[in-house]
Amino acid sequence: MGTQSHAPVEQADANAGWSSRLAFILAAAGSAVGLGNVWKFPYITGENGGGAFVLVYLVCIAVIGLPILAAEIMLGRRGKANPVQVFVKLGEEEQISTNWQGIGWMGLLCSFFILSFYSVVAGWALVYLWHSISGQFSLQPSDATGLAERIGGLFDSLLANPGLLLAGHTLVMMATIFIVARGIRGGVEKAVRIMVPGLLLIIFGLVVYAAASTGEFGNAVSFMFNPDFSKLTWNAVLIALGHAFFTLSVGMCAMMAYGSFLDRSVNIGKAAFAIAGLDTLIALMAGLAIFPIVFAHQLTPGEGPGLVFVTLPIAFTEVPGGTFVSIFFFLFLAMAALTSSISMLEPLVEYMEYRCNWSRPRTAIVTGTIIWVLGIGCALAFNLWSGFTPFGKNLFDLFDWLTQSILLPMGGMLISIYAGWILSRKAIAREMEGGTAITFSVWIFLMRFIAPLAIALVLVNSLFPGLFS
Ligand code: PHE
């Protein structure tokens, strides 16, 4: 398959896939590192008491997220096709039911919903980048009476402003479509080669800044790494596990789509390890950049979703060089979101290209536009359409809940069952070669027993909230 203009994609062609192992790892890490790491992880850590939650999160990543990540990449590379065809082809080759293609369908559905609200939040990052550049996060004369009110007001007025929300959402979708339309090598790879190292550099700089200038670094470290198990609830454990999926981008076939372009010679276990490692490193560094600044200004870490859009900007306003720090921070957030949003569009484009026999640019524009329209609903959920609450939630919350609490865990569970129980060991072993016999057995054990059981608990908790609290 050529990456710029395509004939129908009967089969993803490795020759036109990633130009190197590093390119794949950067793209997959770019997918994993996103709003989940920088926006969500710090605030759920703050809300759930810090250290003990972080520890549980790390265990969930290692024991459940990482093995499923490897399984997704493995399935993608084994099938060398879009997420639906992977299961059709494997079914035919291995004489198992092709109904498992339902996993691919669920993944595609999930991509639609996730990207539609993700892009709205990514748009907030752009608006905040603009606020930073225009000096909103430097002290102003009016701040003498109410800094917190002014900064809090910025966020409230953003949510109340449909035009601004739609502008952010539209820019993010345009950038996402532009990159994906150019193909794996010409688009995705070029974007991540610049942005992912950029992300690492900026977050490293922010942590050094927080360590050097706030005097609260030690407190932040002990908040994040000193587990106080009395603060841990069952609900927090399940939140940690649910988040492990979201942050590693597993459960919706995004990693499968990226894996379908991966060369046979790459060791999947090692690659998955590198991806999950980078993702975890950046989440922890985001915490170490944010909490010292928050603590230094006697703000609370448990502020919820407003942590990076309200609490942190209040702190930026008061720290030396805050305007610069805020520019880098929101640039970081916007780039992290973009390297994730392209991976959400990719599986859909891969499928539609195959299905409709369209060129890649046309496919990217059509599918991206449909998601853009869906995203309008998510943006308006904060203002004009806030009264529209099917199932008791506005559209934004509904899509968020449906994907993160239901579809992603369900996708992860089915993928682990498929890899652990349905596919023959022989079929898998060929793809997973390169690892030791012990790691392979541990991996199969986790896929067969631990992952499905743990995920079942998350699902029950999502469907019957409060059961475990
Ligand atoms: N992993 C991304 C994040 O942490 C979100 C994502 C989910 C990306 C699913 C792709 C697929 O923000």
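Ranked from highest to lowest mean number of other Cβ atoms within 10 Å per residue, what is the order of the peptides 114-122, 459-467, 274-282?
Values: 114-122: 26.7, 459-467: 13.4, 274-282: 21.9.
Final packing ranking: 114-122, 274-282, 459-467.
Set the Förster radius R0 to 22 Å, insert the Cβ-Cβ distance between residue 160 and residue 138 as r into 1/(1 + (r/R0)^6), and round the FRET efficiency to 0.05.
Numbers: r = 24 Å, r/R0 = 1.08.
Once rounded, the FRET efficiency stands at 0.40.
Approximating the spin labels as points 7 Å out from Cα along Cα→Cβ, the residue 448-to-residue 389 distance works out to 4.7 nm.
Counting each DSSP H run of 4 or more residues in the chain as -39500 (n - 2.57), what helix-only mean residue ellipticity at 222 nm follows after dividing by all residues, to the nearest 500 deg cm²/dmol? Show your work: numbers first, answer last.
Details: 21 runs with 318 residues, N = 469.
Theoretical 222 nm ellipticity from helices: -22000 deg cm²/dmol.
Partner lysines whose Cα lies under 24 Å from the Cα of residue 270, excluding those fewer than 8 positions away in the same chain, are identified as 80, 190, 426.
Stokes-Einstein D for segment 359-462 at 25 °C, 0.890 mPa s, Kirkwood Rh over Cα pairs, in µm²/s? Write out the running numbers ahead of the final one.
On the way: Rh = 16.9 Å.
My calculation gives 145 µm²/s for D.
Using only Cα atoms, tell me the angle between helix 322-356 and the longest principal axis of the chain; keep it within 0 to 90° and round to the nearest 10. Relative to the chain, helix 322-356 is tipped by roughly 20 degrees.
Every Cα-Cα pair in segment 170-224 was counted, and those over 16 Å apart are 61% of them. Among 161-171, 283-293, 322-332, the peptide with the highest mean count of other Cβ atoms within 10 Å heads the list, and the full ranking is 283-293, 322-332, 161-171.
The Rg/Rh ratio of segment 103-222, with Rg taken over Cα atoms and Rh as the Kirkwood radius over Cα pairs, comes to 1.06. Overall, segment 9-463 carries a charge dipole of about 980 debye about its Cα centre when +1 sits on the Cβ of Lys and Arg and -1 on the Cβ of Asp and Glu, all other atoms neutral.
What order do you get for 358-368, 380-390 when each peptide is scored by the mean count of other beta carbon atoms within 10 Å, highest first? Write down the numbers at each step before the final one.
Working: 358-368: 20.7, 380-390: 14.5.
Taking the mean over residues of other Cβ atoms within 10 Å, the ranking is 358-368, 380-390.
With Rh defined as the Kirkwood radius, the inverse of the mean 1/r over Cα pairs, the Rg/Rh of the chain is 0.96.
Read the figures in this text as sums done on the coordinates, not as results from a lab. Computed from a prediction, not measured in an experiment: that's the story for all the values here. As a convention, Cβ positions derive from the backbone with ideal geometry for all residues, glycine included, and neighbour counts pool all protein chains shown.
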